[in-house]
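What follows is a short report on a single structure.
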Amino acid sequence: MSAPDSPPSHEPRHADRLNASAGIASVAVAGLLVILKLWALGETAALSVAASLADSALDLMMSLAGLTAILYAARPADEDHAFGHSSAEDLTALGQAVFLAVSGGVIGWLAAVRLLAGEAPQIGAEMRGIVAMALSAAVTAALVLWQQRVRRATGSRVVAADSLHYMSDLLPTLGALLALWASGRWGLWQIDAVVALVAAAVLWAGALRIGRGAWDALMDRRADPAVIAAIAAIARDHPGVHGFHDLRTRMAGSRIFVNIHVELDGDQTLREAHAIGASLRRRIIAAYPQADVIVHKDVAGEDRPGAAPPPAGG
């Protein structure tokens, strides 16, 4: 058996930088929205703007927590954390999932109460407030687009949770603008509550998905079966590998930890065996840049504990 066969890939570092950029952008946008909505509140004294301001203040706190987790998870392995710190992402994502679920519950309850009451709320549509909310929506949309790009590139659950939260904020903001316009033009005040119910449903669905993924990672659940099958295919077809066994995987944050035993020709030199293991490791990391791979080398044909007996006459 051997230690890892080649220096760590630079791809995880690039992913860490992308995740950090998304976290910094999230904090910056949340701070800008707080300032913008403070100004709008001072101009309009509207309760709807005050509620939006409170939500943005919570966003700022959540974004700061997410950025802290991303930066902590990017720290290299040390003596006390030999496999790195990426589980910090899962812990934070689990907390964000709870926050998303609670937020969805509150929004849905308020929307249902408004619809059941059947009375038109007092909606004030000051032009400066509308402009401020429209600008808030534009800035939030730009942030969500960047976060989604980073999420697709890195698979970070923290970025995914933060993006979903801002997306859920974007829907009520756009809905509020639509509701103000529709209420002023046609008196259709119900649109505001309907949009809020849709946003609540999006929050709950996202909270369930993100929370389940974070929980599975904290419980050392294996990687996606399709990923495991692809890694097995790479090992099976790799030159010099006569077979493999004990392929194990687990997830932590956006990282995939892979441990595989390969069976090699026992008569070749140690240098040749090392080269085969190193090239296999590079191929797996090329396919999955966020993978942390350990390749163990065994002699092909030798009995091993738990191995099936060879076929008769073999």
Item to complete: Determine, for Thr92, Thr173, Thr269, the number of other Cβ atoms within 10 Å of each Cβ, and report the residues in order from fewest to most.
Response: Thr269, Thr173, Thr92
Worksheet item: To the nearest 0.05, what FRET efficiency results for Trp39 and Arg222 with a Förster distance of 35 Å applied to their C-beta separation?
Response: 0.10
Worksheet, complete the sentence: So, with points 7 Å from each Cα along the Cβ direction, the Ala201-Arg152 label distance in nm works out to 2.5
Worksheet, complete the sentence: P(r) of region 225-299 over all Cα-Cα pairs, 5 Å bins starting at 0, rounded to whole percent, reads 3, 16, 31, 25, 14, 7, 3, 0, 0
Worksheet item: Hey, with R₀ at 35 Å, roughly what FRET efficiency would His296 and Trp215 work out to, going by the Cβ-Cβ distance, to 0.05?
Response: 0.75
Practice prompt. Express in nm, to one decimal, how much length is gained between Asp246 and Gln268 on full extension, taking 0.36 nm for each residue of separation and deducting their alpha carbon distance.
Written response: 5.7 nm
Practice prompt. Set the Förster radius R0 to 22 Å, insert the Cβ-Cβ distance between Ala275 and Arg236 as r into 1/(1 + (r/R0)^6), and round the FRET efficiency to 0.05.
Written response: 0.75
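Taken together, the values in this text are just the output of simple stated rules run on the coordinates, not laboratory data. Predicted, not measured: the structure shown is a model, and the values here were computed from it. Here the Cβ is made from the backbone with ideal geometry for all residues, glycine too, and neighbour counts use every protein chain on show.
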